[in-house]
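One structure below.
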Amino acid sequence: MSNEFRFFSETHQTRLLGMKAKDPIQLLEGLRIIPGTSMYYHTHRFLQQHYRVSPEPPNDFAYWITNILGLRELGESITSVDIVNIKSIEELRTRYIKKLEDHILSGKHISGCIEGHEFHFMDCKTFVFQTDFAANTLAEFTEAMEKIPITSICFHIFEPRLRYQKRENDFSIWLRNIGEPELADRISRMDPYAFTLEGLRNKIIKILRRDDCYDNEH
């Protein structure tokens, strides 16, 4: 049985859904019916578009609520949802809906945006393709990690649990299969949202090399 790990990558084609919101009530209505691919797009697009800047980029919903509507408390509530421990897009949708419902039912101020600043719901079609990189050993895997495109790291780290409901990321699954449970656990336990994507690459490489001095670095 082959131990080969084949690295895949992805690209996205975005489109408008023809839906928009001007206040939290309309945002809530939209969240109830948009496809899961739209949920994923609005909570993860910052990761790829700003992969060299500060970690923990805001999701689109929280950004719009905070910066356009001026509802900072609600925006912080949406941001506080711990995506790391969310197992699926539908669970994430449920959490956001609950946050918006609680805010609306509390009777707190529900402001609308000025014309032209509405929230436009987007969707994305994802195209997955095989890269030129593969590994059969831990050494080959570590070397490949230094060269693969950043979109490949996104695909193998973020996509498996949220979009495909795998128990953990692809890297950890492969490491466990080749008899490296400690490395698999370390990668599985880390918070990938706490790093820039380049920082995430470096963190994974340090783990693979068992360089413990890097544990607290982003």
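Looking across segment 178-192 at every residue that is buried (at least 17 other Cβ atoms within 10 Å of the Cβ) and touching a residue at least 24 places away in the same chain (Cβ under 8 Å), the one that is nearest to His156 (Cα to Cα) is identified as Pro192. When restricted to residues that are open to solvent by 100 Å² or more (accessible area, probe 1.4 Å) and either among the hydrophobic types (A, V, I, L, M, F, W, C) or farther than 18 Å from Met19 by Cα (or both), segment 96-133 contains 6.
The test for being β-branched (Val, Ile, Thr), open to solvent by less than 10 Å² (accessible area, probe 1.4 Å) and closer than 30 Å to Glu76 by Cα holds for Ile153. Quick check on Glu73: is it more than 24 Å from Phe158 (Cβ to Cβ) and either open to solvent by 20 Å² or more (accessible area, probe 1.4 Å) or outside the structural domain of Ala194 (by the TED database) (or both)? Against the criterion (more than 24 Å from Phe158 (Cβ to Cβ) and either open to solvent by 20 Å² or more (accessible area, probe 1.4 Å) or outside the structural domain of Ala194 (by the TED database) (or both)), Glu73 qualifies.
The values are calculated or read from the model by the stated rules, or taken from the named source; none is laboratory data. Small disclaimer: the values here were computed from a predicted structure and weren't measured. Because the Cβ atoms are built from the backbone with ideal geometry, glycine has one as well, and the counts that use them run over all protein chains shown. These accessible areas exclude ligands, DNA and RNA; they are computed on the full protein's heavy atoms, side chains included. Shrake-Rupley method; radii C 1.70, N 1.55, O 1.52, S 1.80 Å.
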